[in-house]
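Undergrad: Can you keep this structure in mind? I'll have questions shortly.
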Amino acid sequence: AHGYYWSRWTECIYSSRDFSDMVYIDNKIFNKDVFIQFNSTVGEYVGYTELGVFNARNWNNDTNLLQQERAQVETYCKHNAELRQRSIADKT
């Protein structure tokens with residue numbers, strides 16, 4: 001009961017059938033509060049707490065990390081959405 005809670009929550013949001021409006025969001029959560037977030041629309045990390053701002057400053061200077069996160073729209077979101085879309089279409 002007396003401890004720390006850390007989690008990561010990622011989400012892919014879209015409304016168009018061709019996934020052209022796909023957005024990837026990667027939240028890092030500590031004690032149930034988002035402390036830092038990557039949003040593919042913004043293209044970099046945004047910190048919401050002192051720790052988040054500190055990490056955002058460092059992580060946004062890491063071009064390899066940013067490149068990996070930005071690529072998640074294609075490699076994670078669109079890839080999985082296409083698989084799901086095919087699965088649904090096969091059943092109709």
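The values are calculated or read from the model by the stated rules, or taken from the named source; none is laboratory data. Small disclaimer: the values here were computed from a predicted structure and weren't measured. We place every Cβ from the backbone using ideal geometry, glycine too, and count neighbours over all the protein chains shown. For accessibility, only protein heavy atoms count, side chains too; no ligands or nucleic acids. Shrake-Rupley method; radii C 1.70, N 1.55, O 1.52, S 1.80 Å.
Undergrad: Those residues that are at pLDDT 95 or above, closer than 19 Å to A71 by Cα and exposed (fewer than 15 other Cβ atoms within 10 Å of the Cβ), I need them from region 1-20; list them, please.
TA: R8, W9, T10, E11, I13
Undergrad: Look through T75, T63, T10 and report the one residue that is among the polar types (S, T, N, Q) and touching a helix residue (DSSP H, G or I) at 6+ places or on another chain (Cβ under 8 Å).
TA: T10
Undergrad: Restricting attention to region 82-89, does a residue exist that is modelled with pLDDT of 95 or more and either under 16 Å from E11 (Cα atoms) or of a type in the set (A, V, I, L, M, F, W, C) (or both)? Steps first, please.
TA: Of region 82-89, the ones modelled with pLDDT of 95 or more are none.
No, region 82-89 contains no residue that is modelled with pLDDT of 95 or more and either under 16 Å from E11 (Cα atoms) or of a type in the set (A, V, I, L, M, F, W, C) (or both).
Undergrad: If I36 satisfies every condition in (1) touching a residue at least 24 places away in the same chain (Cβ under 8 Å); (2) of a type in the set (V, I, T); (3) over 26 Å from R84 (Cα atoms) but one, which is the exception?
TA: Every condition holds for I36 apart from (1).
Table: residues versus (1) assigned to a helix (DSSP H, G or I); (2) under 10 Å from the mean Cα position of the chain (by Cα).
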site: R17; (1), (2): no, no
site: D21; (1), (2): no, no
site: F38; (1), (2): no, yes
site: L65; (1), (2): yes, no
site: A71; (1), (2): yes, no
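Undergrad: Any chance you could count how many residues in region 43-63 are under 11 Å from the mean Cα position of the chain (by Cα) and of a type outside the set (S, T, Y)?
TA: Taking region 43-63 and keeping what is under 11 Å from the mean Cα position of the chain (by Cα), we get 43-45.
With the extra rule that they be of a type outside the set (S, T, Y), the set shrinks to 43-44.
Total meeting the criteria: 2.
Undergrad: Follow-up. Going through region 52-73 one residue at a time, which ones are over 20 Å from D21 (Cα atoms) and either open to solvent by 90 Å² or more (accessible area, probe 1.4 Å) or modelled with pLDDT under 95 (or both)?
TA: Pass one, region 52-73, residues over 20 Å from D21 (Cα atoms): 52-65.
Listed by number, the residues that qualify are F54, R57, N61, T63, N64.
Undergrad: Let me ask something else about it. Do you know which residues across region 1-51 are small (G, A, S) and touching a strand residue (DSSP E or B) at 6+ places or on another chain (Cβ under 8 Å)? Walk me through how you get there before you give the answer.
TA: Initial filter on region 1-51 (small (G, A, S)): 1, 3, 7, 15-16, 20, 40, 43, 47.
Those that are small (G, A, S) and touching a strand residue (DSSP E or B) at 6+ places or on another chain (Cβ under 8 Å): S7, S40, G47.
Undergrad: Can you tell me which condition Y76 does not meet? The list is (1) exposed (fewer than 14 other Cβ atoms within 10 Å of the Cβ); (2) among the hydroxyl-bearing types (S, T, Y); (3) in contact (Cβ under 8 Å) with a residue 60 or more places away in the chain; (4) not in a strand (DSSP E or B), and all the others hold.
TA: Against the list (1) exposed (fewer than 14 other Cβ atoms within 10 Å of the Cβ); (2) among the hydroxyl-bearing types (S, T, Y); (3) in contact (Cβ under 8 Å) with a residue 60 or more places away in the chain; (4) not in a strand (DSSP E or B), Y76 comes up short only on (1).
Undergrad: Right, something else. Which of the numbered conditions does A81 fail, given that it passes all the others? Conditions: (1) surrounded by 14 or more Cβ atoms within 10 Å (Cβ to Cβ); (2) without any contact (Cβ under 8 Å) to a residue 60 or more places away in the chain; (3) aliphatic (A, V, I, L, M).
TA: Among (1) surrounded by 14 or more Cβ atoms within 10 Å (Cβ to Cβ); (2) without any contact (Cβ under 8 Å) to a residue 60 or more places away in the chain; (3) aliphatic (A, V, I, L, M), the lone unmet condition for A81 is (2).
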